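Single-structure report; data block below.
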């Protein structure tokens, strides 16, 4: 499977990653190689097999509906680059 | 169905609704922080909700049960295996850069909702699916000219997204859908349905097509409309807008639009356009959710009587009209109150008092039925006094007003004010004689054929007796006397 430069630019934008124009061709080649490697799985016949989202044979653990956390705005905001009172602040997001 | 009349012919609306309903729970969907509304900024936030590195989500069992309960209330298929996915996008109030949601395998599949329309008819609207997902934080754009403030208290609160089939054909049907869905959620106790606090929000999908055309047109989605009235207004506006585009030879672009409450228009949200590639994939932090069939059965066994069943029972057992029954079952508290009043009494009379005088008084006082100054028992006793002819229906209304003001029982007010109905033939006859004697000219007119004057005489005698004459007896005696 081959990924072109336009696709690289689009994925990079969606992931908010800065991939300089001169590197995009190289990244496209690398991503294509990864996809080709994974595509080998297509050779396996999976007719009649249910898709699997996890290989662990375990049940999802459920938590009780009890408030056990919170009340620590100071900790939550400790690493915030910008804050006012107990709010995070970011450059204005205009709708 | 409501038709939009264009200049080139009639058009039909096709409407589907996506409702986000906040699950009633103590804690959030994947963390132990409080799900309560409000709170000091960032006080209801755990490290999971703020997406600190290395934090792992652990699902809240009660939220799962609430989703199953809602699914059962919507007569929907419950999927014993469902999967949580990451929906990826960037926004300042979404710290992890993805929302945990359900995409291909939701917890609840197809169901249905029965709409009660104003003309007494009903209509079934399909439910496509219901899935569990996290709410995002709250952005405030009006606190500073240069910055947006972010509060993560909502971040991670459990939501049920309930998606309908495009089965609605008018704003009224959309409103009826939201009312019924809200009533079902409130009966089930799975969402408080408070649209003002945002615990229930609706996105409207609308397209237009020529009447009779089986093909669907291109739709627009109107986001986050936060009241039933605004949903109706947004639909009216958007339908007109699309018809104008289509009739002038243009094409409707599939896009997300915003309802502007102040201007009464929908407008494009261009900023969201390019973000529509969410790149869903199963969340590797969460195993598939497997439900025990026994747990589903247990929840099914504890479902309360829902609005549709209650309405049918009220019509059957109390002889109510479909409309009155719908009004009474809209809120569980009203239905319970009514049943207490109606028990062992005339069901129709009880319904008239609850939906008429009582709801009127509560409206005037701005009170809910839970804090009604007149209890169900007290209203029942008042109706008993009408039934045993102690007071007339007319006088009962005055007694009711006094009950609202003073909180005293009906019997005490009747005694205190001497409102007991006059059923003594002699006393009523005396009052009639007096009125007839004082209005000899009108008596002559009546006897020469002016039948309408009967009402005048009834009014005068009632006035003379302070409204206390038994109306049936008065009519009877007056008729005889006037005949001469």
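No lab work stands behind these numbers, since they all come straight from the coordinates. Being a predicted model, the structure only gives us computed values, none of them experimental. A quick note on method: Cβ atoms are made from the backbone with ideal geometry, for glycine too, and the neighbour counts reach across all protein chains shown.
Over chain B, the ratio between the Cα radius of gyration and 2.2 N^0.38 Å evaluates to 1.29. Helix B:61-73 and the longest principal axis of the Cα set of chain B meet at an angle near 50°. Put the Cα centre of region B:144-175 next to the Cα centre of region B:407-484 and the gap is 61 Å.
Could you give the angle, 0 to 90 degrees to the nearest 10, between helix B:425-438's Cα long axis and the longest principal axis of the Cα atoms of chain B? Roughly 80 degrees, rounded to the nearest 10. Averaged over the residues of peptide B:46-52, the number of Cβ atoms from other protein chains lying within 10 Å of each residue's Cβ is 4.
In terms of surrounding Cβ atoms within a 10 Å radius of their Cβ, B:69, B:279 rank from fewest to most as B:279, B:69. The residue B:349 and residue B:420 beta-carbon pair, evaluated with R₀ = 22 Å, returns a calculated FRET efficiency of approximately 0.65.
Projected onto planes of every orientation and averaged, the convex hull of the alpha-carbon atoms in chain A covers 13.0 nm². Derived from the Cα gyration tensor, the three semi-axes of the equivalent ellipsoid of region B:229-349 are 44, 30, 12 Å, largest first.
Calculate, for residue B:146 and residue A:26, the FRET efficiency according to 1/(1 + (r/R0)^6) with r their C-beta to C-beta distance and R0 41 Å; round to the nearest 0.05. Taking R0 as 41 Å, the efficiency between residue B:146 and residue A:26 is 0.60.
Kirkwood hydrodynamic radius, computed over distinct alpha-carbon pairs, for region B:147-298: how many Å, to one decimal?
After inverting the pairwise mean of 1/r, the radius is 18.3 Å.
The equivalent ellipsoid of region B:425-483 has semi-axes of 18, 11, 10 Å, largest first, where each one is the square root of 5 times an eigenvalue of the Cα gyration tensor.
Counting neighbouring Cβ atoms within 10 Å and putting the fewest first, the residues B:220, B:63 line up as B:220, B:63. Computed from Cα positions, the angle between helix B:171-188 and the longest principal axis of chain B comes to roughly 90 degrees.
Each peptide among B:378-391, B:292-305 gets the average number of other Cβ atoms lying within 10 Å of its residues, and from highest to lowest they stand as B:378-391, B:292-305.
With equal scatterers on the alpha carbons only and no solvent term, can you work out the Debye log10 of I(q)/I(0) for region B:305-417 at 0.12, 0.22 1/Å? Computed log10 I(q)/I(0) values: -0.39, -1.22. Over the protein assembly as shown, DSSP H runs of length four or greater, each weighted -39,500 (n - 2.57), average out per residue to a 222 nm ellipticity of -11500 deg cm²/dmol.
With distances taken between every two different alpha-carbon atoms, region B:97-176 has a Kirkwood hydrodynamic radius of 15.6 Å.
Which log10 I(q)/I(0) values does region B:226-266 give at q = 0.15, 0.31 Å⁻¹ under the Debye formula, counting every alpha carbon as one identical point scatterer? Calculated log10 I(q)/I(0) at the listed q: -0.38, -1.09. A simple spin-label model places the labels of residue B:309 and residue B:475 4.2 nm from each other, with each point 7 Å out along Cα-to-Cβ. Shape summary of region B:18-95, radius of gyration then Dmax from alpha carbon positions: 14.4, 41 Å.
The order of B:338, B:323, B:237, going from fewest to most other C-beta atoms within 10 Å of their C-beta, is B:323, B:237, B:338. Computed from the C-beta positions of residue A:46 and residue B:215, the FRET efficiency with R₀ = 25 Å rounds to 0.10. The value given for the protein assembly as shown is a Kirkwood hydrodynamic radius of 29.0 Å, derived from the mean inverse Cα-Cα separation.
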